[in-house]
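Asks: Sharing a structure here in structure tokens format.
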2 protein chains.
Amino acid sequence: MADETVSLDVARGFVARALEANRTAPETARLVADALVLAEADGLKGHGLSRLESYAAQALSGKVDGHAEPSVTKTAAASLMVDAAHGFAYPAIGLAIEALKALSGETGIAAAGIRRSHHCGAAGHHVERLARGGLVALMFANTPQAIAPWGGKAGVFGTNPIAFAAPLEGRDPVVVDMSVSKVARGNILKARQEGTPIPEGWAFGPDGEPTTDPESALEGTMAAMGDAKGAALALMVEVLAAGLVGASFAYEASNFFSGDGPPPDTGQLILAFAPAAFAGPAFAERMAALAGAIEAQDGARLPGLRRYENRARAEREGVTIPAALIARFGPV
Amino acid sequence: MADETVSLDVARGFVARALEANRTAPETARLVADALVLAEADGLKGHGLSRLESYAAQALSGKVDGHAEPSVTKTAAASLMVDAAHGFAYPAIGLAIEALKALSGETGIAAAGIRRSHHCGAAGHHVERLARGGLVALMFANTPQAIAPWGGKAGVFGTNPIAFAAPLEGRDPVVVDMSVSKVARGNILKARQEGTPIPEGWAFGPDGEPTTDPESALEGTMAAMGDAKGAALALMVEVLAAGLVGASFAYEASNFFSGDGPPPDTGQLILAFAPAAFAGPAFAERMAALAGAIEAQDGARLPGLRRYENRARAEREGVTIPAALIARFGPV
């Protein structure tokens, strides 16, 4: 059996069928498939098809409830709480996005907390959807433990992504999407698989000392971007995405990978700002000016452009489904 | 004439009189004095008494309008715009904080944009005030140009502070307060004054290459914390604090130091979250658990503790007013 390169539509169908065969409702399977295939298309492999086997295992065991129905409650004039009900995060996030689009026009700013949630995938995709609706958006998510508090040795915070997007008139939104760890954990998993050391500065062993051994790194903690400042950002995201919304903290959450254990119960917080309530009609001109000041410099680009380029290529050329996935869930 | 160590009250009186003698209204002078002396007490020298001479020069020349009266407008159910009217930032920020405290209880989340503003000082102090009112708070501010877009050579973004605070029951709030530059610009000014080189990695010369020469660094740009990720955060803050609220971008803003030129017209954005609208009554317990998980580790501390320790010492022992300030504005 070989890898197969297929259109995005065919890839979405393949992923959805794989999930439906593993105790996931059709509509949920479709939303998860949309998210994984978009991440794969954008070149964000860590949030793409590489997740399918572990998602299926978690749905099969019931660690993720593939039949959960998320619900949204308006808790005050501008605030929403979404209960993901221990299902996949994507349907809950989609519900939050649609509710925020409707609400923020009236309120200027609106926020949605999501609890009893799971892996949010590429956080940039969620804020991008809000920006395509004309809104400025911020998202914070917590993840299972990875980063130690500054001065400590044990993981208390997750790699805790921060994502941001803003509309640019007549072109794709500008999107910032980063974890607060120095590098993605996937880089360390890859080094372990390949039997190669990791560069110093990526991670610490369980003793809190820098390590180049991927095995020791995986038992230890990930370095935060920008050292103490990044560790402080990890704390900030932990409070916003978990403490504020009543989700489990990173150090309490089960992993996003294996089928065993209780649901991770992680959290997300999404904010949407209606520019009309702040800068007003000047906003579009202001954003164009900022983009122009960046792009006037040789070598400088807006963040997020590479993923749009990858996406356009994948729309033309398709994405590759690895042979191992076809063997496990096939045929395509 | 010698340095004099005086109580915080005496220091505030000294600063307020100095500003009143330089075309600043008494009530505004008092608010600016409160901010500078609190920063000095907290050990945040770059936002403390070191600012007094340049603040006075800017008020005297009219670059900052010492008689400006900030005003607040409710633009939608949960959004406010504050016009700082080219005055000092502190009265405008104070107005925003009081309005956010009143509004966020009804709306769950509320946001205040501030435009036609100036140097916001220690951003952590502003979010701390909201947290002492039981709110979770976030603040973004832009500053004059300092950081290049990733891949570029010329400053487009400011050092753009991000501040965050959350209440902890029965103790001081946890406060995160950081610029997105790797180090504060004050470190480079100090090296130039002392004629010493700066460590590699702090800054780039005008050619975009790393430099250890403070003079070249001041003509060039500051390194962002965490490299590309920090540059992306700088862009995010620029959009939130300036683009969204209709303020000048870093590359358009005049400096915060000299009396010449037009007003800087920078911006700030402050968000307040009422925990009752999200996690509800569980919030206090959740925050105590997180603080406990951090403090259970040897060597790990909550961010912001050092400034509270400095503040307590300054309340007992006073702060030192340098001889040069007494010579300029004296007597104490």
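Asks: Got the residue B:9 label distances to the other copies yet, label 7 Å along Cα→Cβ, in nm, shortest first?
Replies: Shortest to longest, the spacings are 7.9 nm.
Asks: Also, I was wondering about something else. Taking other Cβ within 10 Å of each residue's Cβ, how do A:174, A:10 sort, fewest first? Please report the intermediate quantities before stating the final value.
Replies: Details: A:174 26, A:10 16.
Lowest count first: A:10, A:174.
Asks: Of A:111, A:293, A:241, which has the largest mean-square fluctuation in a 10 Å C-alpha GNM of chain A?
Replies: Largest GNM mean-square fluctuation: A:293.
Asks: Further question: What does the convex hull of the alpha-carbon atoms of segment B:71-277 project to on average, in nm²? Before the final figure, lay out each step's value.
Replies: Working: hull surface 48.1 nm².
Projected area, direction-averaged: 12.0 nm².
Asks: If neighbour count is taken as other Cβ atoms inside 10 Å, put A:211, A:5 in order from fewest to most. Could you put the intermediate results ahead of the total?
Replies: Numbers: A:211 23, A:5 13.
Lowest count first: A:5, A:211.
Asks: What is the magnitude of the charge dipole of chain B about its Cα centre, with +1 placed on the Cβ of each Lys and Arg, -1 on the Cβ of each Asp and Glu, and no other charges, expressed in debye to the nearest 20?
Replies: Details: 28 positive and 36 negative charges, 82 e Å.
Computed charge dipole of chain B: roughly 400 debye.
Asks: A further question follows. For residue B:284 and residue B:73, FRET efficiency with R0 = 45 Å and r from the beta-carbon atoms, rounded to 0.05?
Replies: That pair, residue B:73 with residue B:284, gives E of 0.85.
Asks: I would also like to ask the following. Place the label 7 angstrom along Cα→C-beta at residue B:207 and in each other copy, then list the distances from the first to the rest in nm, shortest first.
Replies: 4.3
Asks: Same structure, new question: Taking amide H positions as placed in the peptide plane 1.01 Å from N, state which residues far from residue B:168 in sequence (5 or more) or on other chains have amide H under 5 Å from it.
Replies: B:174
Asks: Rounded, prolate or oblate: which one fits segment A:1-146, using the alpha carbon gyration tensor with axes a ≥ b ≥ c (rounded when a/c is under 1.5, else prolate when a/b beats b/c, else oblate)?
Replies: Numbers: a/c = 2.11, a/b = 1.56, b/c = 1.35.
Prolate shape, in that a/c is at least 1.5 and a/b is the bigger ratio.
Asks: Classify segment B:183-271 from the C-alpha gyration tensor, please: rounded if a/c falls under 1.5, else prolate or oblate depending on whether a/b exceeds b/c. Please report the intermediate quantities before stating the final value.
Replies: Details: a/c = 2.42, a/b = 1.48, b/c = 1.64.
Oblate, since a/c reaches 1.5 and b/c is not below a/b.
Asks: Here's a follow-up. Sorted from largest down, give the three principal axis spans of the alpha carbons of the protein assembly as shown, whole angstrom values.
Replies: For the protein assembly as shown, the Cα extents along the three principal axes come out at 86, 50, 50 Å.
Asks: Which of B:161, B:70, B:149 moves the most in a Gaussian network model of chain B with Cα springs under 10 Å?
Replies: It is B:149.
Asks: Work out the charge dipole of chain A with +1 on the Cβ of Lys and Arg and -1 on the Cβ of Asp and Glu about the Cα centre, then indicate which of A:24, A:262, A:95 is farthest towards its positive end.
Replies: A:95
Asks: Taking only Cα atoms and a 10 Å spring cutoff, compute GNM fluctuations for chain B and point out the largest among B:77, B:146, B:242.
Replies: Looking only at B:77, B:146, B:242, the largest GNM fluctuation is found for B:77.
Asks: By the scheme Lys and Arg +1, Asp and Glu -1, what is the net charge of all other residues having a beta-carbon under 13 Å from that of residue A:20? List each step's numbers first, then the result.
Replies: Numbers: positive: A:12, A:17, A:23, A:30; negative: A:27.
With Lys, Arg at +1 and Asp, Glu at -1, the net is +3.
Asks: What is the sum of charges around residue A:46, taking Lys and Arg as +1, Asp and Glu as -1, for the other residues whose C-beta is under 14 Å from the C-beta of residue A:46? Display every interim value, and only then the final one.
Replies: Working: positive: A:45, A:51, A:185, A:190, A:307; negative: A:40, A:42, A:53, A:177.
That works out to +1.
Asks: Continuing with this model, one more query. Quote the charge dipole size of the protein assembly as shown about the Cα centre in Debye, to the nearest 20; the model charges only the Cβ of Lys and Arg (+1) and of Asp and Glu (-1).
Replies: Numbers: 56 positive and 72 negative charges, 151 e Å.
Result for the protein assembly as shown is approximately 720 debye, rounded to the nearest 20.
Asks: Find which of A:271, A:225, A:124 sits farthest along the positive direction of the dipole of segment A:71-277, computed with +1 on the beta-carbon of Lys and Arg, -1 on that of Asp and Glu, about the Cα centre.
Replies: The one lying farthest along the dipole's positive direction is A:271.
Asks: Based on DSSP H runs of at least 4 residues, each adding -39500 (n - 2.57), what is the mean residue ellipticity at 222 nm of chain A after dividing by all its residues, to the nearest 500 deg cm²/dmol?
Replies: Details: 11 runs with 129 residues, N = 332.
Here the helix-only value at 222 nm equals -12000 deg cm²/dmol.
Asks: Which order results if B:212, A:266 are arranged by neighbouring Cβ count within 10 Å, fewest first? Intermediate results must be reported in sequence, preceding the final value.
Replies: Working: B:212 16, A:266 31.
Fewest-to-most ranking of B:212, A:266: B:212, A:266.
Asks: Give the nm distances, rounded to one decimal, from residue B:317 to the matching residue in every other copy, measuring between label points 7 Å along Cα toward the beta carbon; shortest first.
Replies: 6.5
Asks: Where Lys and Arg each count +1 and Asp and Glu each count -1, what net charge lies around residue A:179 among other residues with Cβ under 12 Å from its Cβ? Walk me through the intermediate numbers first.
Replies: On the way: positive: A:182, A:185, B:229; negative: A:177.
That sum, taken over residues with Cβ under 12 Å, equals +2.
All of the numbers you see were taken from the coordinates with simple rules; none came from a lab. Just so we're clear, the structure is a prediction, and the values are computed from it rather than from any experiment. Virtual Cβ from ideal backbone geometry, glycine too; neighbours counted across all protein chains shown.
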